[in-house]
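Just below is one structure, and these are the notes that go with it.
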Amino acid sequence: MEKVIEKDFYVNEAQLKCIMVSARVQVNLIGRAGGKSSFIIPKKTTKCMDLMPRGCGILLAPSYQKMLQDLVSPMVRGWQKLGYEENVDFVIGKEPPKNWDKPFLMPRDFKYCIAWRNGHLHRIVSQDKSVTSNGIEGHYLIGDEAKLLNGKKFVDETLPCLRGEAYLWEKLPEYGSIEFFSDMYFHKRGANWFLKMYEKFHNDEEVKIIYETAMLIEHLRNNDSANKMLPIFEEKLRIMRCNAIAIIKAPSTANRYVLGETYLKNMTQSMTVQEFKGAILTQEIFGGGDFYASFDVDIHGYIPPDMLSGGLSADLRRINEKDSSTDSDCDTNRKLEIAVDWGGKGNFMTIHQEKAKHFHKINELFTSKGSTYHELANKFCNYYRHHKCKEVDFHYDPSGNNTNANSVKTFAQEFAEILRSKGWRVIMCSLGKNNIAHSRKHRLWSAVLKERNGMCTDDRLKGYRVNRTNCPESIISMANAPLKVTKGAFEKDKSSERKDDTIAPQHATHFSDCDDIYMVAKQLHLIEERNDGFRA
C-alpha cells in the first residue's frame, strides 16, 4: 500500500532523524510546531500498517478530546499528503467494507478505530476512561503528549496490551515498539516520568550509529541497489533497532524552512525564557515561580473524562464546535463562579465550581491586548450558552469597582449587565472590596496546596484542583509566578505584567491573580478567623 508522497513535501532534519532511528523504544522530544503530527506520526503509522497487515496499533493520549484536536485530525491530513485517501485506503470510526481484509484482533465495534484496507487497525485509547485500553491487544504503541500521560496508568493498564502475533513479526523493530512524543515544558515538578523510565538506557553513540547506518542504506538503495553489502547493513540495522532505547531531541528550529523566521521570532517575543527553552528548544526545564511553591501539576491538576460518545467520525466534527456541553467536570445544574482580572494587556477569567472536597478550576478564558472586557463577557456567555443553571457568582479584582470616564457604571457593573442580558443571574461578590496584601494570599496558598492523601492538611480548608486540558495558560501563570520579599513581607513579583515585558500576557501573573481573587473570597477568612495576629 506504499503511496507516492505529494510533490513539494518538505521533510526537516528532526522529522528525518525520528523516522530513521525508529528504535523499538523511542522518546521523541519535538519542539512546538516541529512537524510531529503533520509528518512523523503519519509516516510511522503507515509504515507499521504496511509491515503488519491485519495488525493493530494503539494510539494513546491523555484525553479523548485532546487526541481528536491534536493528533487524529492532523494525522489524517498527513496521511492524505502521503497519498492515502479516506474511504479508499482507510475508514474512520465505522466498519470497513466487507471485501477489505479483516484484522487479527476484531473489535466488538469500530466506533473508536481507524481501519485500513489491508486489515490493519489503529485503536484510539485515552487515559480519561472514555476510550480505554481494557481488554484490547496491540502490536505497537504511540503515545502523544507524553508529559500529560499518567505513568502509573500507562504501566498498569496500557503496557500489558502489547502482545499477540509474535510468531509473525517479532523480528521487526516495529513489533512491540513504544514511541512517545512530547515537548519539554513540564509545568512545575513531575510530568517527566517517561524520561525517568528510559533515559538511563539511552546511549547517544548507539543512536548515532543507527542513524548513520539507516542513512547509508537509503543511499545504497537509491544509488547502488546491487551492492552486496546492502543486506548485511540492513540486518545490522534491524538488530540495533530491536535492542535500542533512543531519546531524540528535535527543536522547533529544525522546522525553520516551513515555519519561517517570523514564527520563531514571534515565539521568542511571546514566551518566557523557560517556555522557549522547553517548548521550542526542547531543553528540560521546570516552572520557576515560588509564590505557589507547593503547586504541583501532577497533584493539583486533573484531566476530566470526556463527554463525546458518537464515535470518531461524528466526534471529529463536533470537537470543532467545543463548548461547555463537552466538559464532563462542569455540572450544568449547578451555578458557576468566575474570577476576573482586568488589564491593559488583556482581560482574564477563570471559571470555578465548588465540589465536596476541592475547589475546581474548570476553565479559563481571556481576550488579548486591544480587546475589551465586554468581549470577554460575551465569550463567557457563548461558551456556557447551554449551561442549565444560569447563575454565577462574580468575583473580580477591586479595580473593577472603578468607572470609565464616559460612564457612571463601573467595569464590573457593565460586565454583569452583559451576562444578565443573556439570561444570567449575577451575584456581585466583590462590591466595595479592597486589595488583599500578598503576604496574606501567600499564607493562604501555602495552606491550600499542602496535602496528604488528596486532602488539605489543614482540615478547615478545601483543596485546589485545575483542569489540565482547559487551563494550560493559567497553569503556566501559576507555576511561573515569582516570589519576592519587600520590607520583610512576602509578595508576588508582578513584573511580568509590565507593558515592555516580552512574556505573553496569558503567561504573566494575570491568571494567577484570578486564582487569588477566588481563593481569597472562599477561604481566607477560615485561616484568619483564629485571631493569631496575622493580618499583615
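The values are calculated or read from the model by the stated rules, or taken from the named source; none is laboratory data. All figures in this text were calculated on a predicted structure; none of them were measured in a lab. Counting neighbours? That spans all protein chains shown, and the Cβs are built from the backbone with ideal geometry, glycine included. Each accessible area value is taken on the protein alone, full model and side chains, heavy atoms only, with ligands, DNA and RNA left out. Shrake-Rupley method; radii C 1.70, N 1.55, O 1.52, S 1.80 Å.
Sorted by average packing, counted as other Cβ atoms within 10 angstrom per residue and highest first, what order do 455-463, 508-516 take? Before the final figure, lay out the partial values.
Details: 455-463: 15.4, 508-516: 26.9.
Highest to lowest by the protection proxy: 508-516, 455-463.
For region 408-459, the share of accessible area belonging to carbon and sulfur comes to 48 percent (1.4 Å probe, ligands and nucleic acids excluded). The alpha-carbon positions of region 321-467 define a convex hull whose volume is 132 Å³ per residue.
Annotation for region 441-509 versus region 327-372: alpha-carbon center distance of 15 Å.
At a probe radius of 1.4 angstrom, the accessible area of region 346-406 per residue rounds to 41 square angstrom.
Electrostatic bookkeeping for His139 treats Lys and Arg as +1 and Asp and Glu as -1; over the other residues with beta carbon under 9 Å from its beta carbon, the sum is -2.
Only lysines eight or more places from Lys152 in sequence, or on another chain, were considered; those with a Cα closer than 17 Å are Lys129, Lys196.
Suppose R0 equals 30 Å. What FRET efficiency, 1/(1 + (r/R0)^6) with r the Cβ-Cβ distance, do Leu216 and Gln80 give to the nearest 0.05? The partial results should precede the final answer.
On the way: r = 31 Å, r/R0 = 1.04.
Result of the calculation: an efficiency of 0.45.
Take the Cβ atoms of Arg334 and Lys102, set R0 to 45 Å, and the FRET efficiency comes out at 0.45. Per residue, the Cα convex hull of region 437-524 amounts to 105 Å³. Structure note, pairs Lys441/Lys462; Lys357/Lys522; Lys43/Lys322; Lys335/Lys522; Lys66/Lys147; Lys47/Lys171: Cα-Cα distances above 18 angstrom occur for Lys43/Lys322. Note on region 104-178: Kirkwood radius taken over Cα pairs, Stokes-Einstein applied at 4 °C and 1.567 mPa s, translational D equal to 97 µm² s⁻¹.
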